[in-house]
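The values are calculated or read from the model by the stated rules, or taken from the named source; none is laboratory data. These figures come from a predicted structure and were not determined experimentally. Don't worry about glycine lacking a Cβ; one is built from the backbone with ideal geometry, like all the others, and counts go over all protein chains shown. We work out accessible area using only protein heavy atoms, side chains counted, and drop any ligands, DNA or RNA first. Shrake-Rupley method; radii C 1.70, N 1.55, O 1.52, S 1.80 Å.
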Amino acid sequence: MRFRTTNDSKYSQLMKNKGFETVEHLAIDHVATAFNTMVLYHDFPSHATYDHDFAIIRLKRNPVPTMRKEFFHELAHVIAHYGDQNQLPQEFNSLQERQAYWISLYLAMPRHIFEPLAFKHQCIATLAELFELPEEMINERVKTIQREQCRTNQQIQLHEQESKFRTKSLQPKRIYPSTYDVLKQLESQVGEENINYEVSRLLRGH
């Protein structure tokens, strides 16, 4: 069992559906084409203009890692949001910025591409070079996966504990008196013929 956030799985699958299978596929021009987006380079702050079927991302000329960071951030807005941010209340604008930040991590480093390379290299600097992204962005993506692995381990432990409890408490001759009383009450209310086989087995074996 693997625990993954809904967005992590959603955007990983989206990138798979678009044909992105290797880190080389994540070049700006290639990604932009796949999402029907035009990229223009200029000297002003990066910004995206978009509607339902076409978008323009204007990227400020910067070192490549910074431009790629800003490209995936603006692409996150294109994919996940609607309307002109300049017309939105400040609180909603801030919410969309936070959403775009996390989505940009999933788009720039899709799980199915990033995780195998992270296990292989285990070096932030190397991964930053491979993905051509700032090291702080790589570091944050690693943390998201670590948090999800931690949740997976917790889920596995919980299921194991539940399984042990169920095995211990639902065996004939070993069920707790309180559990037996509840089962007997259930039997009297619904009739012996309507009792589940397992419940009936436990009652007869007590």
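Do we find that Leu40 is touching a strand residue (DSSP E or B) at 6+ places or on another chain (Cβ under 6 Å), loosely packed, with under 12 Cβ neighbours inside 10 Å and aliphatic (A, V, I, L, M) in this structure?
Details: touching a strand residue (DSSP E or B) at 6+ places or on another chain (Cβ under 6 Å): yes; loosely packed, with under 12 Cβ neighbours inside 10 Å: yes; aliphatic (A, V, I, L, M): yes.
The answer is yes for Leu40.
Counting only residues that are open to solvent by 50 Å² or more (accessible area, probe 1.4 Å), out of contact with any helix residue (DSSP H, G or I) (no Cβ under 8 Å at 6 or more places or on another chain) and touching a residue at least 40 places away in the same chain (Cβ under 8 Å), segment 67-80 holds 0 of them. Number of residues in segment 104-127 that are over 26 Å from Ala48 (Cα atoms), free of Cβ contacts under 8 Å to residues at least 60 places away in the same chain and surrounded by 13 or more Cβ atoms within 10 Å (Cβ to Cβ): the value is 6. A residue that is open to solvent by 20 Å² or more (accessible area, probe 1.4 Å), assigned to a helix (DSSP H, G or I) and of a type in the set (Ser, Thr, Tyr) occurs nowhere in segment 128-147.
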